[in-house]
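Shown next, in structure tokens, is the structure this report addresses.
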Amino acid sequence: DTEVTQTPKHLVMGMTNKKSLKCEQHMGHRAMYWYKQKAKKPPELMFVYSYEKLSINESVPSRFSPECPNSSLLNLHLHALQPEDSALYLCASSQGGIGGGFTGELFFGEGSRLTVL
Amino acid sequence: KNQVEQSPQSLIILEGKNCTLQCNYTVSPFSNLRWYKQDTGRGPVSLTIMTFSENTKSNGRYTATLDADTKQSSLHITASQLSDSASYICVVGTSYGKLTFGQGTILTVHP
């Protein structure tokens, strides 16, 4: 199983809503990532969890709250978002350390398309 | 500052033709260089990953080259297919695990 599964695929929410994005992998990877991607731009790193601990937070606003309940799951809790937060949110995982180490592959999920009204 | 520059920004070719995408980087300390293919609205998929000791790597019709001295890489696509239409992203990793993404080249293959 070499899949990273993200749910939901699409999410529409108002600025006062609370919602969550979910990510799951069963490859035994110990690093998991959240990226944000705007149209025609490369992915931007938001958070990195390594061995279930938050290792990197790229100065992301507190309206985004990550959670890693166990080594296979990664959540992104959303609250009081702004329309400019509308984007494709990508989850990824890797075997060997942050960034996949020397040659570790970074496996991406299909993404969750978020629209904030 | 670590940077990855890709060219061209976009490219249109006819089905069956070959093409080459370029990636120049200033990333230190260099560890690896990756090429990803991203279909519109989908997650990136890895094509190749190379360390400094590798100067070429193939994956089917995709061949990546790396010149660590000049800090340049290229991705050559042979006998293009309509399904090759996508964004191709060059990503360079440091020894600390930091990944720097290029802006991508949008390739369109016309029948």
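The values are calculated or read from the model by the stated rules, or taken from the named source; none is laboratory data. Here the structure is a predicted model, which means the values were calculated and not measured. FYI the Cβ positions are ideal-geometry reconstructions off the backbone, even for glycines, and counts take in every protein chain you see. What goes into the accessible areas is simple: the full protein's heavy atoms, side chains included, and nothing from ligands, DNA or RNA. Shrake-Rupley method; radii C 1.70, N 1.55, O 1.52, S 1.80 Å.
Annotations for the structure displayed:
- Per-residue mean of foreign Cβ neighbours for B:39-45 is 6 (Cβ atoms of other chains, 10 Å radius).
- Greater than 30 Å apart at Cα, pairs in B:Lys57/B:Lys98; A:Lys22/B:Lys17; A:Lys22/B:Lys1: A:Lys22/B:Lys17; A:Lys22/B:Lys1
- Dipole of chain A [Lys/Arg +1, Asp/Glu -1 at C-beta], most positive-end residue of A:Ser55, A:Leu11, A:Asn75: A:Leu11
- When each of the peptides A:33-40, B:9-16 is scored by how many other beta carbons lie within 10 Å of its residues on average, the order from highest to lowest is A:33-40, B:9-16.
- Peptide ranges B:51-62, B:19-30 listed from the most packed, as the mean C-beta count within 10 angstrom indicates: B:19-30, B:51-62
- Remark on chain A: A:Cys68 stand apart, with no other cysteine beta carbon under 4.7 Å.
- Magnitude of the charge dipole, chain A, Cβ model with Lys/Arg +1 and Asp/Glu -1, debye to 20: 360 debye
- Set A:Lys38/B:Lys37; A:Lys19/A:Lys41; A:Lys9/B:Lys71 screened for pairs whose C-alpha atoms are more than 27 Å apart: A:Lys9/B:Lys71
- Simple Cβ-charge dipole of chain B, Lys/Arg +1 and Asp/Glu -1, about Cα centre, in debye nearest 20: 200 debye
- For B:93-101, mean number of other protein chain Cβ atoms within 10 Å: 6
- Accessible solvent surface per residue of the protein assembly as shown, calculated while the other protein chains remain in place, 1.4 angstrom probe, Å²: 49 Å²
- Counted residue by residue at 0.36 nm each, then reduced by the alpha carbon distance between them, the extension gain from B:Asp67 to B:Gln103 reaches 11.0 nm.
- Heavy-atom accessible area buried between chains A and B is around 1700 Å² (1.4 Å probe, both sides summed).
- Nearest-20 debye value, the protein assembly as shown charge dipole, Cβ charges on Lys, Arg, Asp, Glu: 400 debye
- Length-normalised contact order of chain B in % [C-alpha pairs under 8 Å, at least 6 apart]: 38 percent
- With the charge dipole of chain B set up from +1 on Lys and Arg Cβ and -1 on Asp and Glu Cβ about the Cα centre, the Cα lying farthest toward the positive end among the listed residues B:Tyr25, B:Ile12, B:Ile77 is that of B:Tyr25.
- Relative contact order, percent, chain A [alpha-carbon distance under 8 Å, six or more residues apart]: 36 percent
- Peptide ranges A:51-63, B:99-111 listed from the most packed, as the mean C-beta count within 10 angstrom indicates: B:99-111, A:51-63
- Full-extension gain in nm, B:Thr40 to B:Leu82, via 0.36 nm per residue minus C-alpha separation: 13.8 nm
- Cysteines in chain B that, by Cβ-Cβ distance, have no pairing candidate under 4.7 Å: B:Cys19
- Protein accessible area in segment A:18-74, 1.4 Å probe - carbon and sulfur %: 45 percent
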